[in-house]
Each structure stands twice: as structure tokens, then as C-alpha cells.
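Participant: Okay, handing you the structure first.
Quick note: the coordinates plus some simple rules give every number you see, no bench work behind them. Computed from a prediction, not measured in an experiment: that's the story for all the values here. Cβ: placed from backbone, ideal geometry, glycine included. Neighbour counts: every protein chain shown.
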Amino acid sequence: MNIAKITDAGGQPSIPLPPEALEQLNAAIGDLIQIIPEEGGVMLRRVGDADTGTQRQKEIAAHIIEEREDVLRRVAE
């Protein structure tokens, strides 16, 4: 079990996560973390590309590039 102390980071309450917790979340500095209320506490969950719609946007962009490669090359010139 890890215990962390609430600190002040730029006037905001902050809880530093130990490296083990980041590893369990498969997260790193800059990643989005979802805070999910649970009875008696909260659960942390890393927000992935699929959760933000980014993966779908990448798929759409790849499809457009594939279908319109000639047009995009002319526009780039």
C-alpha cells in the first residue's frame, strides 16, 4: 500500500503519485487521469486515445490521406 501526502502545487492541492502507481496506471507525466468516485474513496484510471476520440480521428485522417493522396500532394506544393 502506498501513502501520499496532499501538498500545495501552485496554489492547488496536489497528490504526488509514486513511480509504482504510475507504472500500475501505465501513465507518465502529461497523461490524463480520470478520477472515478467510489464508495469510501476514488479510483484512478488512465485516459487513453480511445477515450478521447483521438484514435478514431487518426483512423479518419489516415483514410482521407489514403483516398486523396494525389490532391494533398498538389496542395502541399
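Participant: Per the helix-only calculation at 222 nm, which mean residue ellipticity applies to the chain, given -39500 (n - 2.57) for every DSSP H run of n ≥ 4 and division by its residues, nearest 500 deg cm²/dmol?
Facilitator: Mean residue ellipticity at 222 nm (helix-derived): -11500 deg cm²/dmol.
Participant: Translational D (Stokes-Einstein, µm²/s) of region 1-43 at 25 °C and 0.890 mPa s when Rh comes from the Kirkwood sum over C-alpha pairs? Before the final figure, lay out each step's value.
Facilitator: On the way: Rh = 11.9 Å.
Estimated diffusion coefficient is 206 µm²/s.
Participant: Once the convex hull of the alpha carbons of the chain is built, what does its volume come to per residue, in cubic angstrom?
Facilitator: 159 Å³
Participant: In nm, give the distance between the simple-model label positions of Lys5 and Leu72, each being 7 Å from the Cα along the Cα-to-Cβ direction.
Facilitator: The modelled label-to-label distance comes out at 5.2 nm.
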